[in-house]
Structure formats: structure tokens, C-alpha cells
Amino acid sequence: MNRARCVVAAIALLFAYLQALPALGQTLTGTVSSAAERAMEGVLVSAQKVGSPITVTVVSDAQGRFQFPDGRLSSGNYALRIRATGYDLAGPKTVELGATPIDVVVKLAKTADLAAQLTNTEWLMSMPGTAEQKRPLMECMSCHTLQRIVHSTFNAEQFVPVLERMAGYANNTIQARVQMRVAPVKINTAIVAKLAAYLATINLSSGPVWNYQLKTLPRPKGRATHVVITEFDLPRQTIAPHDVRTDRNGNVWYSDFVENFLGELDPKTGTLKEYPIPVLKPGFPTGSLDLEPDAAGNLWLAMMFQAGLARFDMENKTFQVFPLDGAANDAAMQQSMVMPRSDDVDGKVWTNDVARHAIMRLDLKTGEYRRIDPFEFLPHGREHAPYGMAADARNNLYFMDFGDENIGRVDAETGATTIFPTPTPNSRPRRTMLDAQGRLWFAEFAADKLAMFDTKAETFKEWNVPTPYTYPYDVFCDRHGELWSAGMASDRVLRFDPQSGRSVEYLLPRPANIRRVFVDNSTDPVKFWAGNNHGAEILRLEPLD
Amino acid sequence: MWRRPILLVALTLAGLTASRAGGQMTFGDDTNTSANDGPPFFGFVRDADGAAVGDARVTATVKSGGAVVTTSNSIGVYKVAGFAKSINPDDIAISCAKDGYKQANVMRRPNGSGDMKDPIEVDCVLQKE
């Protein structure tokens, strides 16, 4: 009798559970079409519940069909948006999800303003000019898109004071918050005049439309449509997530390039916690850049113009800061990088001095910094800039010479530097990671290449990215040996298999300015994470294969 | 005979190509090259039979500390862009290495013109182990 009651109760519970499932996760499917193309492949369809900071995006397949994965959407009113260059969303613009699955017919119409939809990469593809003329524009993207330039009406003469004004902006400036450098800036007037003259040929200074054809990249196809992208809106436009990484609980941590906070996002709810970083230099630009864990798993931040390093205790949730003292801490002092991964070896943490193009080493016992000029013996006519950093198991440092074309190694014991020029000249290697096999993966920002330096064999390999003018900022090698990369130009995430040469580029739902990239290897398939530095959002990309 | 002029042109072009610093907007290449440069180094890596050895690791070591490591190309040529003017070129030691080989000889060619800015040719011979 009791057994029979238990069986009935179990069946009742199961029934109740099944009944409850639709309330937990709604099914939204549909088709995308337009009068011009009928069923459309490669259209990004995004759904954001009213009042929620989370937007989920899927991509239509070859039949124009799309489907949001089960469990990603709950009951409620959703705003829909699309991304398909050349088109706008005609409708529907909202959808109400209830207890039953919904299949929507999404209609697109040709856009009246194609220029507004172009990525930086597409503008660079479109505009006339030599590679040398276009090269300086890669700097502009640090603070704004190229839309600002091409839509301007300045002539060459009018551009000069604009460029001179912007030279005074700190590099941790975004459109939502301009931050001024305190140290005076030396301006090369000849270079400014040359750039101004070129910019006046690609903007609207000579007429209401551009005198060149606007070129666009094709929409995603095939494998590039097999993806789910989730955007987590941050509550203020002045939050500029720069470096992003997940912890063992699945929470997402990011450095804020503009505001003086360390951020922690719960991706299950979109809830954000912000931990204020002590202000060391009031009146100087705020914000931090590099975010790296030390050997114990605590997070370190390079404090940029606040001059110093900060260690965040992951248990106590408190900061310990290591300020710079003495005459070196002048108005130009800036730390963009920190490398504490092997601090348990010798109690030392690597960082850089951007203004003096030097490397510094923090002694955790004394709090003192030792300066190393890694380029002392090289020709003094070239500009160098130690940037992305990695440390091996002996705490030897590998760094990217972002100003030039070198990988450098600094011996942990002697401080001696060895320079390895990249095979491609003027490659400007930017950010890097060292894998368990001693392979240093890095992005050659100015060369449009991904690269690997084998620290054991001391040899390089380089691969062109599939789309010119991508300017990859960073690269991450996942546990399968696939590379993930992104940057500030193309609004795309590149997945590249260096063994087969096969690549796929995932288009992102919105204009994206991506810096450090991170891959969560604990899931299958892996998950890609990054911050949208100019878009106040955290991005998660889940490939479906 | 022809190889030296070609190399000189290549080295000159490499020297003219400039770069910029990180951390500050300079709106392009803002580099004053050559004024403070010592001479570049170049040369050939060959085996004992005189055949070119590509993918050999060539190290230019500075006596006072520091080194530059590069690789020979498919015809055995390597180049090192140079060092600070304050470094005496005689204090630069060139060595070469490749798996399966050992270094047999390093030959520094005399500078015919006597101009201290002229590239310095140092050839390297590897012998199969």
C-alpha cells in the first residue's frame, strides 16, 4: 500500500515538474527573410527581456531558421533586434513569451543607412589610401570607432587642432568619459599634418557622401552560425571592461579601464559586484588594465596612471596596493601590465613602466620595485614598449615589445634580456599567453597575424588572420589547441585551428571593442569570454560544435 | 659578389621602417633611426660543404649582457638590426646552432671601407653531428 502511494506520488511529482518546465525555459524559434533575399542565412537575432541586463543571440541557418536553446529564455516580454549588414529589422520588434513555444516570422528591410552599420574593418577595406596612410588609424580605435572620423567634415587644417587635442587624452579614455593626461605630451607636428591631410580625404569634408564605395564583409555562413552569444549589460556606460576571466565558481571578473573598480559578474543572474580600488594619485586618470591571477589564485591589477599594482585577496575580498615611490613616480608614470603567475618561486612580480619603456620587478617582501631596461643594448632610434607578459615556471619573464617587433625574455635570476625579433617586421606583438607546453601564443596587432613562439626551441610560427584589417589584440589557446582571438576592428571573434588552418569568424551582435580574451576550458564545448570595452558589456560566446 | 649589395639594400630598407611606442598617441611612426645605431650584423650559415643551412638559430651576444636571437632563412642568410652606438661592435659575439649540428667555425669578414656604419658580416659554419 505504501509502495503504491509512493509510486503515485512520484508520478504526480514528475507530472508537476514537466508542467513547470515551460515556465523555467521558453522555446523561441523562427525564420528570417527579406523581400530581397527570401530566407536569409547568417542573421543575428537577439532577444532581451524587458528590464533584464542579459541579451541572448542566435544566428539563422541556411534555411533562414533560428532557435534559442532551451532554458535560455523565461516567460516575459522580449525586445528583438537583428544584425545583418545592409538590413534593418522591419518586425516584429517585441515578442511575448508565455507557456507555449513561439515561432516568429522575422522580416528585414533594406537599410537606408549602410554607412552606420560598417565595422572599423569594413571602413578600412573601403577607404582609399596606402597601408602606410591607414596604419595610424589603428590607434584611433583605442578610444572610438572610425565612424567618428569618416562622418566628420573637417578639412586638413581643421583636423590638426583636433588631433593635437586628442593627443592629450589618456589612453584609458572612452567616448563616455574622456580622461586627460597630466604629463605634457610631445607632438610631432609633421606627422600630425600628414595624418590630418589623409583623414580629410576619407571623410565628408568635400561633399555629403563618401567618394569611395562602401565595402562590407559577407554574413556568417555554415559553421559561423552555430553559436550562442550572451551579452551582459553593465549598469553604466562609463564601465569599460578590459581584461576578463572566470573563476572556479563560474563568476566573471574584469578590470575596468576607466573607473577604479574591479568587477565581479554572476552570469547566472547578471548581478554585478564592484570592488573599489584605492585611489593612489587623485587628479590622475583612473582605471586599470591587466588582470592576472598569482600562484595562489588571487587577482592582480596593473593600475595604469594610478601608478602601482593592486592585489585582490579572493577570500577576504580586500585590496593590498603596492605604490611606486620616489622620483620615478612622476606625472607620466603608468603601469599597464602585471605578471604575478609565478610569484611563489621567488616572491617577485613583474610589471612595466610604459613611459620609460622599461620593465620593473616588485619584491613582495620589501615593496620595492627594481627597474630593468630590456632594450639598453639595442639601437636607441627605435621606440619600444614592453606590453603583454607571461612568466614561466621559474618566473622568467616573456614580454611583447608592442612598440616594435620583438619578443623578449628576462632571466629571473640575472635580469639579462634576450630579444627575439618576430619573422614579420613591425609586427607590434600585443598580448600573450604561455601554455603548459612552453608555447607563447600572441597576437601580432599590426601584422594581422596570430603567432607562436616556442620557448624551448626558440622558433616562431605565424598565421595570417583570414580578414585583413582585423588587428588582433590578443589570442588564447584552448585545451583542444584551437586559438581564439578578437580585437577592436572587426566585431568578430576568430576561432582558428593552427594544425589544419581551418578558421571560423563569429560575428558579434553589436559593435565591439575587445581587448583581452579568455576561454573557459572547464566546459564542453569551451566558452569564450571578453569585455566590450566601449560597449559596457561582458560577452560570452558558446560554439555549438 | 652580388650578395653583399643586395643585403645592404635589404638592411637599409629594414632600417628605414619605423614603429611607434605604446602608451601614448603619436599618430604614426615617430622614430629617429640610425643616428644612435651601431652597425647591423648579417651573414650566412652554411654546412661544411658550403650548402646553405636554413632555420639555424643565430645568437648575437653582447659582452656586457643581453642578446638578440634570430633565425637564418632558406638560403642561410640571417641579419641582426644592430645595437646601440655605445656598444663596441667588437664586443658582439655571433654564434649559431641547429639540432643535429654543432658549430664548426665563425668567420668575421674584415670591414673593407673602414666606415663604422657599414654592416658587419659574420659567417657561421655548422657541422653535422
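Taking the criterion of being touching a residue at least 60 places away in the same chain (Cβ under 8 Å) and β-branched (Val, Ile, Thr), the residues of segment B:93-122 that qualify are B:Ile120, B:Val122.
Here the condition is being within 14 Å of another protein chain (Cβ to nearest Cβ), touching a residue at least 60 places away in the same chain (Cβ under 8 Å) and surrounded by fewer than 23 Cβ atoms within 10 Å (Cβ to Cβ); of A:Thr455, A:Thr467, it holds for A:Thr455 alone.
Checking each residue in segment A:97-131 for being closer than 24 Å to A:Gln175 by Cα and in a loop (DSSP other than H, G, I, E, B) picks out A:Asp113, A:Leu118, A:Thr119, A:Met127.
Any residue at all in segment A:170-177 that is outside any loop (DSSP other than H, G, I, E, B) and either modelled with pLDDT of 95 or more or crowded, with 16+ Cβ neighbours inside 10 Å (or both)? Give the derivation first.
Filtering segment A:170-177 for residues outside any loop (DSSP other than H, G, I, E, B) gives A:174, A:177.
Checking which are either modelled with pLDDT of 95 or more or crowded, with 16+ Cβ neighbours inside 10 Å (or both) leaves us with A:174, A:177.
Checked segment A:170-177: at least one residue is outside any loop (DSSP other than H, G, I, E, B) and either modelled with pLDDT of 95 or more or crowded, with 16+ Cβ neighbours inside 10 Å (or both).
Only one of the numbered conditions (1) in contact with a Cys (Cβ under 6 Å, 6 or more places away or on another chain); (2) crowded, with 20+ Cβ neighbours inside 10 Å is violated by A:Asp435, and that is (2). Scanning segment B:58-108 for residues that are of a type in the set (Ser, Thr, Tyr), farther than 13 Å from A:Ile419 by Cβ and crowded, with 20+ Cβ neighbours inside 10 Å yields a total of 2. If you take the residues in segment B:36-59 that are in contact with a Pro (Cβ under 9 Å, 6 or more places away or on another chain) and within 11 Å of chain A (Cβ to nearest Cβ), which one is modelled with the lowest pLDDT? This residue is B:Asn36. A residue that is in contact with a His (Cβ under 8 Å, 6 or more places away or on another chain), within 18 Å of A:Met488 (Cβ to Cβ) and either in a helix (DSSP H, G or I) or more than 9 Å from chain B (Cβ to nearest Cβ) (or both) occurs somewhere in segment A:132-144.
Look at segment A:62-89 and say how many of its residues are assigned to a strand (DSSP E or B) and either within 20 Å of A:Arg492 (Cα to Cα) or free of Cβ contacts under 8 Å to residues at least 40 places away in the same chain (or both).
Here is the first cut: in segment A:62-89, the ones assigned to a strand (DSSP E or B) are A:65-67, A:73, A:76-83, A:87-89.
This time we only want the ones that are either within 20 Å of A:Arg492 (Cα to Cα) or free of Cβ contacts under 8 Å to residues at least 40 places away in the same chain (or both), so: A:65-66, A:76-77, A:79-83, A:87-89.
So the answer is 12.
If a residue has to be outside any loop (DSSP other than H, G, I, E, B) and away from chain B (no Cβ under 14 Å) to count, how many in segment A:316-359 make the cut?
Number satisfying all stated conditions: 15.
Are any residues in segment B:60-99 more than 7 Å from every other protein chain (Cβ to nearest Cβ), among the aliphatic types (A, V, I, L, M) and within 13 Å of the chain's Cα centre (by Cα), and if so, which ones? Residues satisfying the conditions are B:Ala60, B:Val77, B:Val80, B:Ile92, B:Ala93, B:Ile94.
Screening A:Gly347, A:Gly283, A:Gly326 for residues that are assigned by TED's automatic domain parsing to the domain that holds A:Arg370, in contact with an Asp or Glu (Cβ under 8 Å, 6 or more places away or on another chain), of a type in the set (Gly, Ala, Ser) and surrounded by fewer than 24 Cβ atoms within 10 Å (Cβ to Cβ) leaves exactly one candidate, A:Gly347.
When you go through B:Gly65, B:Gly38, B:Gly76 one by one, which is the residue that is more than 22 Å from A:Phe460 (Cβ to Cβ) and touching a residue at least 24 places away in the same chain (Cβ under 8 Å)? Please lay out each step first, then the result.
Details: B:Gly65 fails: touching a residue at least 24 places away in the same chain (Cβ under 8 Å); B:Gly76 fails: more than 22 Å from A:Phe460 (Cβ to Cβ).
Exactly one residue qualifies, and that residue is B:Gly38.
Kindly evaluate A:Pro184 against the criterion of being part of a loop (DSSP other than H, G, I, E, B) and within 13 Å of chain B (Cβ to nearest Cβ). So A:Pro184 fits the description; yes.
The values are calculated or read from the model by the stated rules, or taken from the named source; none is laboratory data. These numbers come from a predicted model, not from an experiment. Heads up, the Cβs are rebuilt from the backbone with ideal geometry, glycines too, and the neighbour counts pull from every protein chain shown.
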